[in-house]
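See below for the structure under consideration.
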Amino acid sequence: MLQGKRIVLGVTGGVAAYKAAVLTRLLLAAGAEVQVALSEAAAGFVSPMTFQALSGKPIMTRLEDARVDNGMPHITLSRAADALLIAPATAHFLARAAQGLADDLLTALALARACPLLVAPAMNRQMWEHPATRRNVAQLRADGVTVLGPCSGLQACGEEGEGRMLEPEMLVKALVAFFAPKVLAGEKLLLTAGPTFEAIDPVRGLTNLSSGRMGFALAEAAANAGASVTLIAGPVAQPTPFGVERIDVVSAREMRVAVLERVAEADVFVSVAAVADYRPAQAAGRKIKKDAEGLPMLELLPNPDILAEVAALPQPPFCVGFAAESENLETYAQAKRRRKKLPLIVGNLIQDGFGGVSNRVILFDDAGAHPLPFADKATLARQIVDNIAQRLARNQGKEPA
Ligand code: PMT
């Protein structure tokens, strides 16, 4: 995800410095090259040796360092970097960076850099809320610095509130998002994902094996590509992707209401959900007993077809459907696409698509079939997002971004 990216990771002196060690490992695992620079205070929290062992590179802590050819790591490091990430960034560091001070290695790096600067603030909630910090953060944003977090929760000092550094996994996702080409900048995407659950009684229902992975991967890829993304999710256990607004629903009818409430705003609607085609005519108000009431008979009613309804609106967004089939993928997927009047449908076989982390998909449009190589769902999601962006650009008479 970060293959070939050269990251200078600056660590300042806060308790969250220990998480920077995990962050170093995750960045390396994502394919990045990592050079760590520590403030003197950070070196008091976590030993430079820890970072050296993890990154495989000598650690810089001082403004003057004879190990660098010109003795000036604040120049050399940033010239060879794609991004400078300060995590954790203390209130003290933010204040000095906002003022353009350069009295230690990390502030000098920030001032002398020739690459983007990202900061992940970490501090006590009162320090974060203090007007001085608000001013400093606003100044940094105005200077083009990307501020990641902080998030809210229990703090090392025992208080609870906003000021916790984003977890290392989240920071890696934020970096991936930062580097992703913004091919959907300015577009609003509405997606559905996961199964629906149609209640039979308070504990039983009709559903399917959709995990939500394909839809959540698409939501994440679209948000990384600069779109504003709303994801309407059936009952799944997937974490909400970074930067995505999520609305949880249970049944097809709830999903329909959630979609119709928001579709007027959307430029693109991607219907990945495996919506149950039928629901029980009536859900029992109490648990159906096994013995006392004999064999229950289920009367079924058809569910509304959300995608067909959206595509039939007087001014529909650009609609992308999905089709999961057991066989005859091209014939069935193209028939669905034409029946629902969609410019694009993504076909997959149920044995490839449902549940797992990988998939094999074919894009079907008026011109025919366009297979994508078998890949993990995150990779496919990026390719599908690129493909949608190219189609939007063509529709709008623009060159693809
Ligand atoms: O969630 P995962 O485990 O990652 O699995 C991903 C997936 C296999 C669910 C996904 O890739 C996929 O194929 N989704 C569509 C599932 C499906 O069976 O769709 P369908 O052929 O029933 O419906 C065709 C299209 O109409 C779909 O875009 C569907 O969202 C939409 N539809 C269907 C019925 C309905 N009542 N309303 C709808 O909007």
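It is to be established whether one or more residues within the stretch 281-290 are of a type outside the set (Gly, Ala, Ser) and either under 30 Å from Leu184 (Cβ atoms) or within 12 Å of the ligand (Cβ to nearest atom) (or both).
Filtering the stretch 281-290 down to residues of a type outside the set (Gly, Ala, Ser) leaves 282, 286-290.
Of the ones still in play, those that are also either under 30 Å from Leu184 (Cβ atoms) or within 12 Å of the ligand (Cβ to nearest atom) (or both) are none.
The answer is no, given that none of the residues of the stretch 281-290 is of a type outside the set (Gly, Ala, Ser) and either under 30 Å from Leu184 (Cβ atoms) or within 12 Å of the ligand (Cβ to nearest atom) (or both).
Among the residues of the stretch 93-141, the ones that are in a helix (DSSP H, G or I), out of contact with any helix residue (DSSP H, G or I) (no Cβ under 7 Å at 6 or more places or on another chain) and buried (at least 23 other Cβ atoms within 10 Å of the Cβ) come to 0 in all. Counted as qualifying within the stretch 167-248 are the strands (runs of 3 or more DSSP E) with 1 or more residues that are within 16 Å of the ligand (Cβ to nearest atom) and within 12 Å of the chain's Cα centre (by Cα), namely 228-233, 245-248. The set of residues from the stretch 13-23 being buried (at least 24 other Cβ atoms within 10 Å of the Cβ) and part of a helix (DSSP H, G or I) comprises Ala17, Ala20, Leu23. Return the only residue of Gly10, Gly44, Gly31, Gly4 being surrounded by 19 or more Cβ atoms within 10 Å (Cβ to Cβ) and of a type in the set (Gly, Ala, Ser). Answer to the check: Gly10. Taken across the stretch 212-221, residues that are under 21 Å from Ala233 (Cα atoms), surrounded by fewer than 21 Cβ atoms within 10 Å (Cβ to Cβ) and in contact (Cβ under 8 Å) with a residue 24 or more places away in the chain do not occur at all. Mind listing whichever residues of the stretch 35-56 are free of Cβ contacts under 8 Å to residues at least 24 places away in the same chain and either not assigned by TED's automatic domain parsing to the domain that holds Thr76 or not in a helix (DSSP H, G or I) (or both)? Ser47, Gly56, listed by residue number.
The residues of the stretch 327-356 that are in a loop (DSSP other than H, G, I, E, B), of a type outside the set (A, V, I, L, M) and within 10 Å of the ligand (Cβ to nearest atom), listed by number, are Lys340, Phe354, Gly355, Gly356.
The values are calculated or read from the model by the stated rules, or taken from the named source; none is laboratory data. Remember, predicted model here, so these are calculated numbers, not experimental data. FYI the Cβ positions are ideal-geometry reconstructions off the backbone, even for glycines, and counts take in every protein chain you see.
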